[in-house]
Amino acid sequence: MPSAMGEQVEEPGARQVALVTGACGGIGAAVVRGLVARGAAVAALDRDGHGVRELAASLAEEGAEVLPFSVDVADRVAVEEAVARAEAQAGPLTSAVNVAGILSPGSALEPAEDAWRTAFEVNTLGVVNVSTAVARRMVPRRSGAIVTVGSDAARIARIDMAAYAATKAAAARFTMCLGLELAPHGVRCNVVSPGSTDTPMRRLLWGDDGGAGSVAGAPERFRVGIPLGRIADPADIAAAVLFLLSPQARHITMHDLHVDGGVGLGL
């Protein structure tokens, strides 16, 4: 609804329909749960078709409306079809959250071409595919919010994480540029950049040490510790995402919210 000054203002009472990618992962599932707790209908996208159907079924038992879609975000056509189906089944999308991502450690000195290509296809082009498919529908409605979950690695150099850092940096910068183009249409675009977070991906790659290594830091690898003394829970990241999607953040766009426990030292 336009205000007296003519700008677009989100209506708190309006039906909220969100799309979340990487919905089966630790952060993605926390975002989905946070959205349905606020009464939103959610289109949950993930490459893991079985997992996303299980998530939807478990939340349906709690009365939530979650539509599962087995989608590879790197597939532009599949993304477009999923977005169209989501709107046909649940209604116009009011928000979208890019969470899907992969991390394959490797030296910057000896880059594995296939690993780099796959990382860019998922972490960067996936964000482009989803964001543009959603934004094209939001623009005529002059309302909407898009959040990309990035990483502290996008701004802090990391050993053996060059591909991940580069793809996350590209996704974040794309989101900012998209936000600039969409601002006149009332659509906001922001980034949430987590630090170390207790997710299955982190435990698979770095081991289940309870986050002790991340908290302490590793000077020999140029990693500072976490000033707050803990790694993040997925719910910490989801809370930041939900804020940026909410009417309380209606005047925030092109912002990168660092949720890293201070590991970036304010940079």
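The values are calculated or read from the model by the stated rules, or taken from the named source; none is laboratory data. Predicted model only: the values in this text are computed from it and were never measured. Quick reminder, even Gly has a Cβ in these numbers, built from the backbone with ideal geometry, and neighbours come from all protein chains shown.
Descriptive notes on the structure:
- Selection status of T132, in a helix (DSSP H, G or I), among the hydroxyl-bearing types (S, T, Y), at pLDDT 95 or above and surrounded by fewer than 18 Cβ atoms within 10 Å (Cβ to Cβ): yes
- The test for being in contact with a helix residue (DSSP H, G or I) (Cβ under 9 Å, 6 or more places away or on another chain), of a type in the set (A, V, I, L, M), surrounded by fewer than 17 Cβ atoms within 10 Å (Cβ to Cβ) and outside any helix (DSSP H, G or I) holds for I159.
- Taking the range 6-103 and the strands (runs of 3 or more DSSP E) fully enclosed by it, the elements with 3 or more residues that are in contact (Cβ under 8 Å) with a residue 60 or more places away in the chain are at 17-21, 95-98.
- Among the residues of the range 216-247, none is identified as modelled with pLDDT under 95 and of a type in the set (S, T, Y).
- Those residues of the range 247-267 which are within 27 Å of A18 (Cα to Cα) and either part of a strand (DSSP E or B) or touching a residue at least 40 places away in the same chain (Cβ under 8 Å) (or both), in sequence order: P247, A249, R250, I252, T253, M254, H255, D256, L257, H258, V259, D260
- I146, sole failed condition from (1) more than 25 Å from Q16 (Cβ to Cβ); (2) of a type in the set (A, V, I, L, M, F, W, C); (3) not in a loop (DSSP other than H, G, I, E, B): (1)
- Any hit, the range 155-163, residues being within 22 Å of A30 (Cα to Cα) and either modelled with pLDDT of 95 or more or not basic (K, R) (or both): no
- Residue satisfying condition, being touching a strand residue (DSSP E or B) at 6+ places or on another chain (Cβ under 9 Å), at pLDDT 95 or above and buried (at least 23 other Cβ atoms within 10 Å of the Cβ), within set A57, A86, A64: A86
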